[in-house]
Amino acid sequence: MEPNKVSPVIEESWKEVLEREFQSPCFLELKKFLVEEKKKYAIYPPGPDIFAAFNHTPFPKVKVILLGQDPYHGPGQAQGLCFSVNKGIAKPPSLQNIFKELNEDVGVPVPSHGSLISWADQGVLLLNATLTVRARQPGSHQNKGWEQFTDAAIAALSEKREGLVFLLWGSYAQAKEAIIDTSRHHILKAPHPSPFSAARGFFGCRHFSGTNGILRSNGKEEIDWQIN
């Protein structure tokens, strides 16, 4: 392997789509940054889970994209899927609100745990804009190169796929609409599900039934939102 060539452990279809990004100067700098960070801090999620969103949802199987901002920064929380936490970990407030809306919208019982892997395995790409974070320091890995990488993933979906549903919750996610071809894809927007904004329109947005309605009208299999 060439000295500076990056060969990430990521699902093959995404590896092919994002190959140019992995070899970009920006990503090489990001890799150096992460190597140094790991010498000094605990970093979440664990290394094998950094690309979990991509590994659970191959590029050709993506039907829905849910965009988050940062991984959770508490011990044992982050599993590489936005809003999702490992089984056995308390559900964060935003996730509790997501489950409340899910129950009100489609009648799914509130799950006993907060792992959204079953959504990811059905084609819901649970993508954070930044894929790593220092323990207990939210936002600590923003503007280090991850955003360029994840923007490239969104742009690739926009360009190479059709009829995808983008769920943009909150102003940060909604800013990503600029890189989505809205003539080819469906955008559903709502306030962020955090306790600070959920009551301003996230509750009642009915995005779960709305997503399935769009998928159904496009002849695609609906998402089973129930979490066991």
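The values are calculated or read from the model by the stated rules, or taken from the named source; none is laboratory data. Owing to the predicted nature of the structure, the values given are computational and were not obtained by experimental measurement. In this analysis, Cβ positions are derived from the backbone assuming ideal geometry, glycine residues included, and neighbour counts consider all displayed protein chains. For accessibility, only protein heavy atoms count, side chains too; no ligands or nucleic acids. Shrake-Rupley method; radii C 1.70, N 1.55, O 1.52, S 1.80 Å.
How much net charge surrounds HIS113 when only other residues with a Cβ under 15 Å from its Cβ are counted (Lys, Arg +1; Asp, Glu -1)? Show your work: numbers first, answer last.
Numbers: positive: LYS87, LYS91; negative: none.
Around HIS113, the charge tally is +2.
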Subject >> Per-residue ³J(HN,Hα) for the stretch 27-38, Karplus 6.51 cos²θ - 1.76 cosθ + 1.60, θ = phi - 60°, Hz, x for Gly and Pro >> reply: 6, 5, 5, 4, 4, 4, 4, 5, 4, 5, 4, 5
Subject >> Solvent-free Debye scattering, log10 I(q)/I(0), computed from the Cα coordinates of the stretch 113-196 at q = 0.13 Å⁻¹ >> reply: -0.49
Original post:
For the stretch 149-166, what does the Karplus curve 6.51 cos²θ - 1.76 cosθ + 1.60, with θ = phi - 60°, yield as ³J(HN,Hα) per residue in whole Hz, taken in order and with x for Gly and Pro?
Top reply: 5, 6, 4, 5, 5, 5, 4, 5, 4, 4, 7, 9, 10, 9, x, 7, 10, 9
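Can you compute the helix-only [θ] at 222 nm over the chain? Use -39500 (n - 2.57) per DSSP H run of at least 4 residues, normalise by all residues, nearest 500 deg cm²/dmol. Walk me through the intermediate numbers first.
Working: 9 runs with 79 residues, N = 228.
Calculated from helices alone, the mean residue ellipticity at 222 nm is -9500 deg cm²/dmol.
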Subject >> Under the Karplus curve 6.51 cos²θ - 1.76 cosθ + 1.60, θ = phi - 60°, whole-Hz ³J(HN,Hα) for the stretch 184-199, x wherever Gly or Pro sits >> reply: 10, 9, 10, 10, 10, 10, 7, x, 5, x, 5, x, 6, 9, 4, 6
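How large is the accessible surface per residue of the chain, computed with a 1.4 Å probe and reported in Å² as a whole number?
On the way: 10620 Å² over 228 residues.
Ligands and nucleic acids excluded, the figure is 47 Å² per residue.
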Original post:
Listed highest first by mean packing, meaning other Cβ atoms within 10 Å per residue, what order do 103-113, 182-192 come in?
Top reply: 182-192, 103-113
Original post:
Which angle between 0 and 90 degrees, to the nearest 10, do you get for helix 207-217 versus the longest principal axis of the chain when only C-alpha atoms count?
Top reply: 90 degrees
Original post:
Given 25 °C and 0.890 mPa s, how large is the Stokes-Einstein diffusion coefficient of the chain in µm²/s, with Rh as the Kirkwood radius over Cα pairs?
Top reply: 137 µm²/s
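Charges only on Cβ, +1 for Lys and Arg, -1 for Asp and Glu: so what's the dipole of the chain about the Cα centre, in debye to the nearest 20? Write out the running numbers ahead of the final one.
Values: 25 positive and 24 negative charges, 103 e Å.
About 500 debye.
Going through the stretch 150-228, which chymotrypsin sites (Phe, Trp or Tyr not before Pro) have at most 14 other Cβ atoms within 10 Å and a DSSP loop state?
Details: sites: PHE166, TRP169, TYR172, PHE196, PHE202, PHE203, PHE208, TRP225; in loops: PHE196, PHE202, PHE203, TRP225.
Sites meeting the loop and neighbour criteria: PHE196.
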**OP:** Place a label point 7 angstrom from the Cα of GLN23 along the Cα-to-Cβ direction, then list the residues of the stretch 145-175 whose backbone nitrogen is under 11 Å away.
**Re:** none
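Once you list every other residue whose beta carbon is under 10 Å from the beta carbon of THR130, what net charge do they have if Lys and Arg are +1 and Asp and Glu are -1? List each step's numbers first, then the result.
Working: positive: LYS144; negative: ASP70, GLU147.
Taking every Cβ under 10 Å from that of THR130, the sum is -1.
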Original post:
Under a GNM of the chain (C-alpha, springs under 10 Å), which listed residue has the highest mean-square fluctuation: SER115, SER84, SER24?
Top reply: SER24
